[in-house]
1. For the condition over 25 Å from Leu149 (Cα atoms) and either within 15 Å of the chain's Cα centre (by Cα) or in contact (Cβ under 8 Å) with a residue 12 or more places away in the chain (or both), what is the one hit in Phe38, Phe10?
2. Of the residues that make up the range 111-118, is at least one buried (at least 22 other Cβ atoms within 10 Å of the Cβ), in the same structural domain as Met180 (by TED's automatic domain parsing) and not hydrophobic (A, V, I, L, M, F, W, C)?
3. Please return the ranges of strands (runs of 3 or more DSSP E) entirely within the range 81-184 where 3 or more residues are over 25 Å from Gln69 (Cα atoms) and touching a residue at least 12 places away in the same chain (Cβ under 8 Å).
4. Would you confirm whether any residue within the range 23-34 is of a type outside the set (Asp, Glu) and in a loop (DSSP other than H, G, I, E, B)?
5. If you go through the range 23-40, how many residues are at pLDDT 90 or above and under 30 Å from Val95 (Cβ atoms)?
6. Among the listed residues Val85, Val59, Val44, which satisfies the condition of being at pLDDT 95 or above and of a type in the set (A, V, I, L, M, F, W, C)?
7. So for the range 52-72 (the condition being among the aliphatic types (A, V, I, L, M), within 20 Å of Gly7 (Cβ to Cβ) and assigned to a loop (DSSP other than H, G, I, E, B)), does at least one residue qualify?
8. With Leu79, Leu46, Leu84, Leu119 as the choices, which residue is farther than 24 Å from Ala174 by Cβ and either touching a Lys or Arg at 6+ places or on another chain (Cβ under 6 Å) or aliphatic (A, V, I, L, M) (or both)?
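The values are calculated or read from the model by the stated rules, or taken from the named source; none is laboratory data. On a predicted model such as this, the values are computed, not experimentally measured, just so you know. Cβ: placed from backbone, ideal geometry, glycine included. Neighbour counts: every protein chain shown.
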Amino acid sequence: MYDHYDGLIFDMDGTLVNSEPAHRQAWKQVLEKHGLTFSFEQMVALNGSPGWKIAEQIVIANHATLDPQQLAAEKEQQLDKFLLVTSTLLPLIEVAKRYHGKLPMAVGTGSSHSMAERLLTHLGVRHLFSVLVAADDVRQHKPDPQTFLECARLMGVEANRCVVFEDADFGVRAAKAAGMDVVDVRHL
């Protein structure tokens, strides 16, 4: 089905791994601790963004004086409690298993590199991907194409010969901006 591409790139959260419940629970606890509010819809609109960017929007929306970096760090600490326990693989992992050893594959995620490494290793699928590019590996984040362009570069594949699997608007926009084909997994 994807044989005509030279490289496959997968978003992680919501695409390969059902980690959203853990992320939501971690944000919920941090927001409650600080008396902040941020709707589910507002959170979903930022899917694919690094934690500090989400925290920045939470601070702005609440007219708070908190440091977004500190808020994001608190969320990551909370996430550690839930992520490995509650996250499960999503059906799209079968595509990665099918193409393992046949095409170079990468994960391009808005999560931190250490978190992505731990999660993919815990779920037993890290070995499927030769490349992992996370939020702390790039300067510009989705919807900027840098994450996916770096994946292609590290795989040694031309960007226009890659397909990206994504579940978020920011990621879809980033893939298109990179000149890559994109499969919006929300429509599968």
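1. Of Phe38, Phe10, the one residue that is over 25 Å from Leu149 (Cα atoms) and either within 15 Å of the chain's Cα centre (by Cα) or in contact (Cβ under 8 Å) with a residue 12 or more places away in the chain (or both) is Phe38.
2. Yes, there is a match, as at least one residue in the range 111-118 is buried (at least 22 other Cβ atoms within 10 Å of the Cβ), in the same structural domain as Met180 (by TED's automatic domain parsing) and not hydrophobic (A, V, I, L, M, F, W, C).
3. Ranges flagged: 162-166, 181-184.
4. Within the range 23-34, none of the residues are of a type outside the set (Asp, Glu) and in a loop (DSSP other than H, G, I, E, B).
5. Result for the range 23-40: 3.
6. Of Val85, Val59, Val44, the one residue that is at pLDDT 95 or above and of a type in the set (A, V, I, L, M, F, W, C) is Val59.
7. Of all residues in the range 52-72, those among the aliphatic types (A, V, I, L, M) come to 54-55, 58-61, 64, 66, 71-72.
Of the ones still in play, those that are also within 20 Å of Gly7 (Cβ to Cβ) are none.
Looking for residues that are among the aliphatic types (A, V, I, L, M), within 20 Å of Gly7 (Cβ to Cβ) and assigned to a loop (DSSP other than H, G, I, E, B), one finds none in the range 52-72, hence no.
8. Leu84
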